1. Hey, among the residues in segment 24-52 that are among the hydroxyl-bearing types (S, T, Y) and more than 14 Å from A186 (Cα to Cα), which one's surrounded by the fewest Cβ atoms within 10 Å (Cβ to Cβ)?
2. Which numbered condition trips up T88, out of (1) polar (S, T, N, Q); (2) assigned to a helix (DSSP H, G or I); (3) in contact (Cβ under 8 Å) with a residue 40 or more places away in the chain?
3. Looking at (1) crowded, with 19+ Cβ neighbours inside 10 Å; (2) at positive phi; (3) among the aliphatic types (A, V, I, L, M), which one does L55 not meet, given that it meets all the others?
4. Against the condition loosely packed, with under 15 Cβ neighbours inside 10 Å and either under 19 Å from the mean Cα position of the chain (by Cα) or assigned to a helix (DSSP H, G or I) (or both), how does I171 come out, does it pass?
5. Could you please let me know if I184 is in a helix (DSSP H, G or I) and crowded, with 21+ Cβ neighbours inside 10 Å?
6. Run A74 past the list (1) modelled with pLDDT of 95 or more; (2) at positive phi and report the number of the one that doesn't hold.
7. Out of (1) modelled with pLDDT of 95 or more; (2) surrounded by fewer than 16 Cβ atoms within 10 Å (Cβ to Cβ); (3) within 17 Å of R78 (Cα to Cα), what's the single condition that is false for E209?
8. Among the residues that make up segment 199-210, is at least one of them over 14 Å from the mean Cα position of the chain (by Cα) and not in a helix (DSSP H, G or I)?
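The values are calculated or read from the model by the stated rules, or taken from the named source; none is laboratory data. Owing to the predicted nature of the structure, the values given are computational and were not obtained by experimental measurement. Reconstructed Cβ throughout: ideal geometry from the backbone, glycine too, with neighbour counts over all protein chains shown.
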Amino acid sequence: MERHFDLELDTLKRMLLAMSGMVEEAINKAVTSLEKLSPELAREVITFDKRIDRLEVEIDEKTFELIVRHQPLAGDLRLIMMAAKMGTELERIADLAVDIAQRTLELTGQTLIKPLVDIPKLAGLAQKMVRESIDAFVNLNGQLARSICKEDDNADFLRDLICKELTEIVIRDGKTAHRAIPLILASRHLERICDHATNIAEDVVFLVEAKMIKHSERKKQF
């Protein structure tokens, strides 16, 4: 019975890894659609989101099945409940990728206000944080989880840098506002993705080390 439970738990972890990969792909396509102002790519992201939603439902069903069939206790139960929570976080990240794709559609037929440099950097950081947060959970790696939490400040810095630069452009020429605002929003969507990855990492630290680091004053201590 214990071996069967372990095999089913491994299946759940693989489902989360698969969902994480799909979410990374959605982020990448969304930002690429913005760089190329490609409505086709943007619509692919929006359509692809339905597959991610279905996988979240499957993860929820799998966690419920594990609890009912095996009635896990203590650490095993926390692990399963956290897996369900991570599925929800990943689904929210995918929704933010859709939000970025929608910003592309708003800019369709126009030219970019400036070449995108920092938005792709922020997107790369977001993808890395998402991937590593799930890896930290699957491998119960508290050290990796803590390193992800520290990256959140870099995400905030890049978002602020993007917003500041675009705001300065609008101040110089108010007619550019309609092209700047979607990019400002896209940077905020990406930073929120990093926040969700940080949420996952914080939960991993709690799971592995039984230490709560969710509040900023506690984060400073580690």
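1. Step by step, filter segment 24-52, then rank; the result is T47.
2. If we test T88 against (1) polar (S, T, N, Q); (2) assigned to a helix (DSSP H, G or I); (3) in contact (Cβ under 8 Å) with a residue 40 or more places away in the chain, just (3) comes out false.
3. Answer for L55: the failing condition is (2).
4. The answer is yes for I171.
5. Against the criterion (in a helix (DSSP H, G or I) and crowded, with 21+ Cβ neighbours inside 10 Å), I184 does not qualify.
6. It is condition (1) that A74 fails.
7. Every listed condition holds for E209 apart from (1).
8. So far as segment 199-210 goes, yes, one or more of its residues are over 14 Å from the mean Cα position of the chain (by Cα) and not in a helix (DSSP H, G or I).
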